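A short write-up of the structure that comes next.
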Amino acid sequence: MSTTSPAQRTGVRVHVQKFGTSLSNMVMPNIGAFIAWGLITALFIEVGWLAELGIGDDPDGWVAEIGGWGEYAGGGIVGPMITYLLPILIGYTGGRMLYDTRGGVVGAIATMGVVAGTEIPMFLGAMIMGPLGGWTMKHIDALWDGKIRPGFEMLVNNFSAGIWGAIVATFGFFVMSPIVTFLSDRLGDGVDFLVDNSLLPLTSLIIEPAKVLFLNNAINHGVLTPLGSSEVLEDGKSVLFLLEANPGPGLGLLLAFMVFGKGMAKASAPGAAIIHFLGGIHEIYFPYVLMKPKLIVAMIAGGMTGVFVNVIFDVGLRAPAAPGSVFAVYAQTASDSYIGVTLSMLAAAGVTFLVAGVLLRAERGDGEDDLAAATASMEAMKGKRSIASSALGGARGTIERIVFACDAGMGSSAMGASVLRRKIQAAGFSNVTVTNQAIANLADDVDLVVTHRDLTDRAKQRTPSAVHVSVDDFMGTPRYDEIVELLGQSGAPQGSAPQGGAHAATAPEPEPAAGKDDGSVLASSAIVLAGTARTRDDAITEAGELLVAAGVVEPSYVAAMHEREKSVSTHMGNGLAIPHGTNEAKAAVRRTGISFVRYAEPIDWNGKPAEFVVGIAGQGNEHLGLLSRIAQVFLDEEQVARLRAAGSEEEVRAVLDGVRA
């Protein structure tokens, strides 16, 4: 079975990928705003649909008023949206990526400074000032974290954000705005040079290989989207939006495999073509190129052909087409560009098909194309598993055994396994085993291994032939749904669960004793409804000392809990953290026990809020039943609300005992 966890990736390509991903993460959540702006532009500008239909060609009419032309030049909606709304949304998103809502607000303020300092759409400035505002605000808050007197938190937080926002906005206005304007002008000059000298098709020499290597986001969102948006303001459309989004080359490649391919590549090409052309998921064709790198010649030829046709017909889109589906392309096509855009997609697909067909026909031998290896290669470069590529049937074998692994195999992995197990069973895969285990105890006889992203490389060394899935949120991560989808695509068995044995779908989870301080897993003395800690480390100590006081662990176990946190976060998601010791610290565990601490003001746990902290110390499987209950509690908003409102230790017990494992 192919391994999908990323290998160690170094070099310039990795840094460019990360940079491109950051740009994409700022733009993609706001694509709806770009589409709204594109539709308003298409309808109401002077050369828009309504004016061309004669409905609103009056320069002092309502169409001109909305579009900002004629008697209303400089007003309307179109200009302010691209000048203010879109950059500020990008800046807010960039700041929020680094420091949640607080970082987003300061990022938006900082972006306003750079927007006000220029007359061009300041997308590049937003991509700089938004993250800068969020990052700096986060580090400023860290200076007085835990040092503010109770009752003054809101005052300090509001004034610090306001003061710092004013400073970075001023910095953006006087310093960054001229710099970014200069950079934008130079990039624009480069594009003008290519257009004026009929060299724009040569961009495919960079864009097509970059797409396959997952470098396209840096080019598309970092350069093409800002420059294209500026062109739209002047001309009502831009061909730059079509340089990367044209689905024609990928369609031509997949059609060539449908006709001239072999084995699994030939069989999977029709489905991949539908996903690519109609769904706009271009990465579906990347494994086909990686499998036969010479086919990049066909992609470049098709891409250049499409750009050439676009230039000849002087076509363009009103806004970015995302994803690159034929539907998204047509939705943003300027009213005078439908014929040219259609011909560019057909021509690009046709040329790619012909060149790829010649290259495939020229091959000798009857062996099947190794699509599975190419898919694994693609995912290694991307740095994560691709659901789109898993649709290339046969790329992996049947998945029957899943292990959720962590350092000690008793805390986060047990809880994650419980959540994942229920999702899998609910989907009907009751014959699929889901267990938890320490990484040190892994053997290379499992089909899929789930780990925290910081532990994936260690798990891969122990199980090199397994599929590896990395998560950073143990409770509500979307990766669990992807695993369920992957089970269906791999042909995992469905049906009633087997009775007993190593492959039983559910590992035994014993019921914990409840309600007493006589050695039960959760003693009343280990429940605190008003925690006093204000930092992550203090919260770990508070939960650990409760375990010590209850006679569950020796004092040395608390230090092991801190050591465990240094290697990988124990934040589970949904406001829950479960600090516990390392695997080596199990000798300090006298008996299985759990402590429970609730905080009125959530603890900052590596940038994520932790309202509830559950300390864990386990021997054998005694604690798994309660961990399963805790997992289900924190997946249920009603149960979390009950815990938040609980006024006694017994009410906490009632919640935990009320959710059956």
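The values are calculated or read from the model by the stated rules, or taken from the named source; none is laboratory data. All figures in this text were calculated on a predicted structure; none of them were measured in a lab. FYI the Cβ positions are ideal-geometry reconstructions off the backbone, even for glycines, and counts take in every protein chain you see. Heavy atoms of the whole protein, side chains included, go into the accessibility calculation; ligands, DNA and RNA do not. Shrake-Rupley method; radii C 1.70, N 1.55, O 1.52, S 1.80 Å.
Efficiency by 1/(1 + (r/R0)^6): what FRET value for residue 39 and residue 426, r their Cβ-Cβ distance, R0 = 56 Å, to the nearest 0.05?
It comes to 0.90.
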Take every Cα pair under 8 Å in the range 227-295 that's 6+ residues apart, average their separations, divide by the length, and report that relative contact order as a whole percent. 24
With a/c under 1.5 counting as rounded, go ahead and sort the range 138-278 into rounded, prolate or oblate using the C-alpha gyration tensor (a ≥ b ≥ c being the square roots of the eigenvalues; past the cut-off, prolate if a/b is larger than b/c, else oblate). oblate
Taking the Cα of residue 170, stepping 7 Å toward and past its beta carbon, and measuring to each backbone N in the range 111-125: which are under 20 Å? 111-118
Gained length - residue 359 relative to residue 183, 0.36 nm times residue gap less alpha-carbon distance: 59.3 nm
Diffing the range 582-589: the Karplus 3J(HN,Hα) column from phi (6.51, -1.76, 1.60, θ = phi - 60°), in whole Hz with x for Gly and Pro, holds 6, 4, 5, 8, 4, 5, 8, 8
Whole number in Å², please: accessible area per residue of the range 30-154, 1.4 Å probe, ligands, DNA and RNA not counted. 47
Quick one: Karplus J couplings for the range 437-447, per residue in order, coefficients 6.51, -1.76, 1.60, θ = phi - 60°, nearest Hz, x for Gly and Pro? 7, 6, 4, 4, 9, 5, 10, 7, 10, 10, 8
The simple spin-label model distance between residue 438 and residue 457, using points 7 Å out along Cα→Cβ, in nm, is 2.2
On the accessible surface of the range 104-230, probed at 1.4 Å with all protein chains in place, carbon and sulfur together account for a percent value of 72
Distance violations [Cα-Cα > 26 Å] among 292/423; 262/460; 147/566: 292/423; 262/460
Amide H to amide H under 5 Å from residue 568: which residues, 5+ apart in sequence or cross-chain, H placed 1.01 Å off N in plane? none
Out of 630, 574, 593 - ranked by how far each Cα lies towards the positive end of the dipole of the range 559-650, with unit charges on the beta-carbon of charged residues - the top one is 593
Rounded to the nearest Å, the spacing of the alpha-carbon centers of the range 261-292 and the range 406-468 is 30
From the backbone phi of the range 32-41, what are the Karplus-calculated ³J(HN,Hα) couplings (6.51 cos²θ - 1.76 cosθ + 1.60, θ = phi - 60°) in whole Hz, Gly and Pro given as x? x, 5, 4, 5, 4, 4, x, 5, 4, 4
How far is it, in nm, from the label point at residue 534 to the one at residue 71 when both lie 7 Å from their Cα along the line to the Cβ? 6.2
Net lengthening on full extension, residue 142/residue 205 (0.36 nm per residue, minus Cα-Cα): 18.1 nm
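Just the accessible area per residue of the range 185-335, please: how many Å² with a 1.4 Å probe?
Accessible surface, normalised per residue, equals 34 Å².
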What FRET efficiency, computed as 1/(1 + (r/R0)^6) with R0 = 60 Å and r the Cβ-Cβ distance, is obtained for residue 195 and residue 157, rounded to the nearest 0.05? 0.75
